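Structure first, commentary second.
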Amino acid sequence: MRIEFAGALYHFTFTVGELLLSQTLERIKALVSAGNVRISEHGYDELASDNLSAREIIQGLESAILVEDYPAFHKGPCVLVLQREMNGGPVHAVWGIPKNSDGPAVLVTAYRPDPPRWDESFTVRAK
């Protein structure tokens, strides 16, 4: 069974029983795999404030779980993903691709999510 949700700023497509699929996330993974990646100034600031390793976040993208997909975002397509630190702790990362561009993949920000704002899986916002 295929389910699709769409709105002005988001688009989710997935098959029940499978992980969410995202063209944006697949494009970002391909760019990172090819070494076409950069980190925004804000991203560096957030990594430093949460004592996160840029290398660990970049390397962890391959196993990231899609949380939110924004293919029509005004600055270019982007995704919010759940990644894991080496110790297993949750990390949210926002990755994007500049509008009207084929690259690079940009790590916009990464941070440890605030547990009261998320469900226990850190993939659904608390209501």
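The values are calculated or read from the model by the stated rules, or taken from the named source; none is laboratory data. What you see is a predicted model; the values in this text were computed from it and never measured. Heads up, the Cβs are rebuilt from the backbone with ideal geometry, glycines too, and the neighbour counts pull from every protein chain shown.
Listed here are the residues, each with its yes/no results for (1) aromatic (Phe, Trp, Tyr); (2) closer than 16 Å to Lys29 by Cα.
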site: Asp50; (1), (2): no, no
site: Ser63; (1), (2): no, yes
site: Pro71; (1), (2): no, yes
site: Cys78; (1), (2): no, yes
site: Gln83; (1), (2): no, yes
site: Pro90; (1), (2): no, no
site: Trp118; (1), (2): yes, no
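Hey, any hits in segment 86-94 for a residue that's surrounded by fewer than 17 Cβ atoms within 10 Å (Cβ to Cβ) and either under 10 Å from the mean Cα position of the chain (by Cα) or of a type in the set (Asp, Glu) (or both)?
No - not one qualifying residue is present in segment 86-94.
Residues to consider are Arg84, Arg112; find the one that is in contact with an Asp or Glu (Cβ under 7 Å, 6 or more places away or on another chain) and within 17 Å of Val124 (Cα to Cα).
Within the list Arg84, Arg112, the selection yields Arg112.
In this structure, does Val106 turn out to be β-branched (Val, Ile, Thr) and modelled with pLDDT of 95 or more?
Considered against the rule, which asks whether it is β-branched (Val, Ile, Thr) and modelled with pLDDT of 95 or more, Val106 comes out as yes.
Go through segment 50-77 and give me each residue that's small (Gly, Ala, Ser) and either under 17 Å from Lys99 (Cβ atoms) or touching a residue at least 40 places away in the same chain (Cβ under 8 Å) (or both).
Ala54, Ala72, Gly76
So which residues in segment 51-85 are surrounded by 13 or more Cβ atoms within 10 Å (Cβ to Cβ), farther than 13 Å from Leu107 by Cβ and of a type outside the set (Val, Ile, Thr), if there are any at all?
The answer is Leu66, Glu68, Asp69, Tyr70, Pro71, Ala72, Phe73, Gly76, Pro77, Leu82, Arg84, Glu85.
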